[in-house]
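Trainee: Structure in structure tokens, see below.
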Amino acid sequence: MIEARLHALLRGVPVAMLVVDRQARIMGANEPAEALLGPVPGGRPFVTVLRQPEVNAALDAVLAGQQDRAQLSLALGAAERRMFCAVTVTRLDAPGLAGATVAIEDRSRDEETEQMRRDFVANVSHELRTPLTALMGFIETLRGPARNDEAARTRFLDIMEREAGRMNRLVADLLSLSRVEQDERRRPAQSLDLVALLRGVVATLTPAAGAAGVRLELTGAAQKAMIPGDADQLVQVFHNLVENALKYGAGGGVVTVTLEHLGHEPVLRGPAWSVSVADRGEGIDQQHLPRLTERFYRVDTHRSREQGGTGLGLAIVKHIVNRHRGRLRIESERGQGSRFTVILPEKIGRI
């Protein structure tokens, strides 16, 4: 009777849990525990199930009556598949059921989130430190040795303006990324003409293309392409992609923006519009492609900074595309140019 009640109780516990008797032998384990630790037969010593000295020491202390509950954290598994867990050992003292319970809760996602936060703060600090150091150095120089040097003052002020602009772009992109992440779960309700939007982006960036010696072409824009979307955010997406193509693919002389209707897009399970931005520049090595949308990830750090990049543009693009329930596809080969394709559903409700 007690055993049946014990198993019924264990089935209702959502985290991995084991029950041991006063001799630290297994009395029962639920399905999450066996999924984590493998088969756990009754009567087996707990120490043979989970070979973690800290956990076994805590269990011994609870069974000895030294404390009613013990909590600790540990990492399970190999380095490439490490799981961060919170373990709670609780004294069990009921008629016919004495011993302890051992609950193991997977906290890997919390740990990953915290690590992402730490990395993000470290990256932002690193990105701001360089221009701030430069500004402080030039201010000190202008107050001292270059106080009366007009040529040096003009040169230093130009550099300070450039570094201040770089910090301003970084802060603007951080704020933009924050807003996009906040809105990511809200589906856009407005309807817009993708053709008109792309024509506006191309018209805006044509002078920059001419200055870089690049021909900017828009193809496939002969008809209307009505989709649900946030116009400001989608302008940001395509402005970013075309601007990147002009910066890093200018060597090819041509950047092409192509609009195409897809009668049925398998992943989106319905009709969609595809917008690709292709250049004929030097391309990107395959090893970099999976990480291009990570925050602050750069293929060439020095070149990106020289071009005024913050390392956040493609992260913003990814989140905006996700909000529109679309897809971002990146294709590139070294020496063959790059193609960034955004696929947007014609009707978000069908996804």
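Trainee: Tell me whether region 332-345 contains one or more residues that are more than 24 Å from R179 (Cα to Cα), assigned to a loop (DSSP other than H, G, I, E, B), open to solvent by less than 10 Å² (accessible area, probe 1.4 Å) and at pLDDT below 90.
Mentor: No, every residue in region 332-345 fails to be more than 24 Å from R179 (Cα to Cα), assigned to a loop (DSSP other than H, G, I, E, B), open to solvent by less than 10 Å² (accessible area, probe 1.4 Å) and at pLDDT below 90.
Trainee: Quick check, is A225 touching a strand residue (DSSP E or B) at 6+ places or on another chain (Cβ under 7 Å), open to solvent by less than 50 Å² (accessible area, probe 1.4 Å), more than 18 Å from L241 (Cα to Cα) and touching a residue at least 40 places away in the same chain (Cβ under 8 Å)?
Mentor: Here the answer is yes, as A225 does meet what is asked.
Trainee: Would you point out the residue of region 39-62, among those that are among the small types (G, A, S) and open to solvent by less than 20 Å² (accessible area, probe 1.4 Å), that is farthest from A75 (Cα to Cα)?
Mentor: Out of the qualifying residues, it is A61.
Trainee: Within region 81-97, is there a residue that is exposed (fewer than 13 other Cβ atoms within 10 Å of the Cβ), more than 27 Å from Q115 (Cα to Cα) and touching a residue at least 40 places away in the same chain (Cβ under 8 Å)?
Mentor: We begin by selecting, within region 81-97, every residue exposed (fewer than 13 other Cβ atoms within 10 Å of the Cβ); these are 81-82, 93-96.
This time we only want the ones that are more than 27 Å from Q115 (Cα to Cα), so: 93-96.
Right, trim to touching a residue at least 40 places away in the same chain (Cβ under 8 Å) and you get 96.
Yes.
Trainee: Write out, first by first residue and then by second, each pair whose Cβ atoms fall under 8 Å of each other, whose residues are 6+ apart or on separate chains, and whose first residue, in region 151-165, is without any contact (Cβ under 8 Å) to a residue 24 or more places away in the chain and more than 14 Å from P131 (Cβ to Cβ) while the second is hydroxyl-bearing (S, T, Y) and part of a helix (DSSP H, G or I).
Mentor: A152/T141
Trainee: Same structure again: Which of the residues spanning region 10-31 are under 27 Å from A64 (Cα atoms), out of contact with any Asp or Glu (no Cβ under 9 Å at 6 or more places or on another chain) and open to solvent by less than 80 Å² (accessible area, probe 1.4 Å)?
Mentor: V13, M17, L18, V19, V20, D21, I26, A29, N30
Trainee: Check whether at least one residue in region 141-154 is of a type in the set (D, E, K, R), out of contact with any Pro (no Cβ under 8 Å at 6 or more places or on another chain) and either surrounded by 14 or more Cβ atoms within 10 Å (Cβ to Cβ) or closer than 30 Å to R69 by Cβ (or both), and report yes or no.
Mentor: As a first pass, look at region 141-154 and keep what is of a type in the set (D, E, K, R): 143, 147, 149-150, 153.
When the remaining residues are screened for being out of contact with any Pro (no Cβ under 8 Å at 6 or more places or on another chain), the result is 143, 147, 149-150, 153.
Subsequent filtering for residues that are either surrounded by 14 or more Cβ atoms within 10 Å (Cβ to Cβ) or closer than 30 Å to R69 by Cβ (or both) retains 153.
Scanning region 141-154, I find at least one residue that is of a type in the set (D, E, K, R), out of contact with any Pro (no Cβ under 8 Å at 6 or more places or on another chain) and either surrounded by 14 or more Cβ atoms within 10 Å (Cβ to Cβ) or closer than 30 Å to R69 by Cβ (or both), so the answer is yes.
The values are calculated or read from the model by the stated rules, or taken from the named source; none is laboratory data. Source: prediction; values computed, not measured. Note that each Cβ is placed from the backbone with ideal geometry, even for glycine, and that neighbours are counted across all protein chains shown. For accessibility, only protein heavy atoms count, side chains too; no ligands or nucleic acids. Shrake-Rupley method; radii C 1.70, N 1.55, O 1.52, S 1.80 Å.
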